[in-house]
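Inspection log for the structure reproduced underneath, given as structure tokens.
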Amino acid sequence: MTGGRPLYLHEYQPKSQLVVEKHEVLRPKFPAIDVHGHFAAIYSDLWLKEFNRSTRPDLDETVEMFRRNGIKRVVNLDGFWDGFMGMTTDYILDSLRRHEDFFINFVSVNTEKAKESGFESYVRKHLTESREKGFRGIKLFKHVSIMVIGEDGRFVPGRNIPVDDPRLAVIWKTAAELDMPVLIHIGDPVAFFDPVDGNNERYEELISHPEWQYHKPGMYTFQELMEMQERLLANNPDTTFIVAHVGSYPENLGFVSKCLDKYPNMYIDIAERINELGRQPYTSRKFFYKYQDRILFGTDAFPWGMDYRYPLYFRFLETWDEYFPVYGRWNIYGIGLEDEILEKVYYKNAERVLKL
Ligand SMILES: [Zn+2]
């Protein structure tokens with residue numbers, strides 16, 4: 001009780017009294033490739049503003065931060081396209097050129113153009129040229145389907161082009177022809193699609209980020225998005241997809257397992273979902289064991305804060321530690337993976353899929 005009244009939810013921050021083994025893992029057991037990183041803040045002031053930051057991160061210091069965390073290479077998913085936020089793809093590549101042995105760049109596609117004629121030739125030209133310039137893969141953001149451009153020009157939740165729309169097929173076809181894997185973000189935590197009430201397990205997050213609330217009239221349901229995702233994978237067997245954030249549905253590894261069984265062109269990353277994976281350690285461990293050739297290490301890395309975030313991933317993957325805090329209200333458990341699986345997840349699968 002505080003001043004004689006019950007606590008408000010935000011005041012309730014219990015500390016675990018468990019006395020159990022703790023292991024600090026500051027570097028991964030094997031030098032890792034992080035396949036899910038965002039580095040636009042290094043080359044875009046507008047992007048910095050999105051994160052309420054004023055100083056651009058220094059390129060050399062950023063690379064040094066990753067290297068001291070045992071990361072040998074990272075994928076930069078922020079290659080965008082010519083004209084995005086006033087940038088060109090050449091400018092983006094040049095901004096990171098000093099460390100081109102470290103960054104693996106992915107380019108994106110302006111899918112708003114799919115609503116106009118000439119989209120197919122735009123995609124073919126843009127992707128072919130990007131490949132020649134050195135882009136290794138393609139990133140599709142969730143803005144393709146579940147965000148729309150709002151009145152102030154910013155993206156807001158809304159119903160946009162379904163990811164399995166025939167107009168987008170040229171992207172997947174060209175990706176296969178050019179041998180470029182596609183890392184695609186479809187959906188978001190399933191609770192974001194539910195009503196924001198006392199039963200929502202992400203209530204606090206959704207209250208502080210109303211822009212993540214997808215339970216709105218006119219939005220796709222989570223179920224519809226998963227059906228689109230399956231059709232995308234089924235219709236494009238020659239295209240390699242890395243479906244971000246544990247195949248969009250870490251809350252339901254049974255579903256993700258079925259998809260991995262059905263679609264050999266599907267891979268997943270684990271970016272920003274160790275909280276989901278680590279609260280179901282038995283299921284997760286079996287999942288990693290069974291799909292050890294299909295899971296790629298990724299974090300949603302940014303050019304800041306990684307000294308704090310990486311050790312949480314390493315601790316989850318490598319130790320048997322119990323009930324340790326990550327972020328939010330959930331505490332997680334390590335899944336103690338064997339060396340052979342760790343090597344695959346940390347870098348061998350990425351080397352194979354990205355053809356490094
Ligand atoms: Zn991301």
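The values are calculated or read from the model by the stated rules, or taken from the named source; none is laboratory data. Fair warning: this is a prediction, and the values are worked out from it, not measured in the lab. Positions of Cβ are backbone-derived with ideal geometry, glycine not excepted, and every protein chain shown enters the neighbour counts.
The set of residues in the stretch 287-304 being within 14 Å of the ligand (Cβ to nearest atom) and either in a strand (DSSP E or B) or acidic (Asp, Glu) (or both) consists of Leu296, Asp300, Ala301. Candidates Val20, Val75, Val109: the one that is more than 30 Å from Arg352 (Cβ to Cβ) and β-branched (Val, Ile, Thr) is Val20. A Cβ distance below 9 Å, combined with a sequence gap of six or more or placement on separate chains, defines the contacts here; from the stretch 32-44, residues that are farther than 16 Å from Asn349 by Cβ and within 15 Å of the ligand (Cβ to nearest atom) reach residues that are of a type in the set (S, T, N, Q) and assigned to a loop (DSSP other than H, G, I, E, B) in the pairs Gly37/Thr299. Scan the stretch 277-288 and give yes if some residue there is free of Cβ contacts under 8 Å to residues at least 60 places away in the same chain, over 24 Å from Tyr327 (Cβ atoms), crowded, with 17+ Cβ neighbours inside 10 Å and not acidic (Asp, Glu), otherwise no. No: zero hits. Residue count for the stretch 262-276, restricted to those that are within 13 Å of the ligand (Cβ to nearest atom) and buried (at least 21 other Cβ atoms within 10 Å of the Cβ): 4.
Looking only at residues in the stretch 45-64 that are closer than 26 Å to Ile242 by Cβ and more than 20 Å from the chain's Cα centre (by Cα), the one that is nearest to the ligand (Cβ to nearest atom) is Pro57. Of all residues in the stretch 15-31, none are within 16 Å of the ligand (Cβ to nearest atom) and within 23 Å of the chain's Cα centre (by Cα). Among the residues making up the stretch 305-356, those that are at pLDDT 95 or above, under 19 Å from the mean Cα position of the chain (by Cα) and assigned to a loop (DSSP other than H, G, I, E, B) are Gly305, Leu354. One residue alone among Arg124, Arg154 is touching a residue at least 24 places away in the same chain (Cβ under 8 Å) and either out of contact with any Gly (no Cβ under 8 Å at 6 or more places or on another chain) or under 24 Å from Ser248 (Cβ atoms) (or both), and that residue is Arg124.
Number of residues in the stretch 130-154 that are closer than 20 Å to Thr89 by Cβ, within 16 Å of the ligand (Cβ to nearest atom), not β-branched (Val, Ile, Thr) and not in a loop (DSSP other than H, G, I, E, B) equals 4.
Filter the stretch 65-84 down to the residues that are touching a residue at least 40 places away in the same chain (Cβ under 8 Å), surrounded by fewer than 22 Cβ atoms within 10 Å (Cβ to Cβ) and either among the hydrophobic types (A, V, I, L, M, F, W, C) or within 16 Å of the ligand (Cβ to nearest atom) (or both) and list them by number. Hits for the stretch 65-84 are Met65, Trp81.
Scanning the stretch 26-56 for residues that are in a loop (DSSP other than H, G, I, E, B), of a type outside the set (S, T, N, Q) and in contact with a Gly (Cβ under 9 Å, 6 or more places away or on another chain) gives Leu26, Arg27, Pro28, Lys29, Phe30, Pro31. Selection over the stretch 203-261 of residues that are within 16 Å of the ligand (Cβ to nearest atom), assigned to a helix (DSSP H, G or I), hydrophobic (A, V, I, L, M, F, W, C) and within 16 Å of Val163 (Cα to Cα) gives a count of 1.
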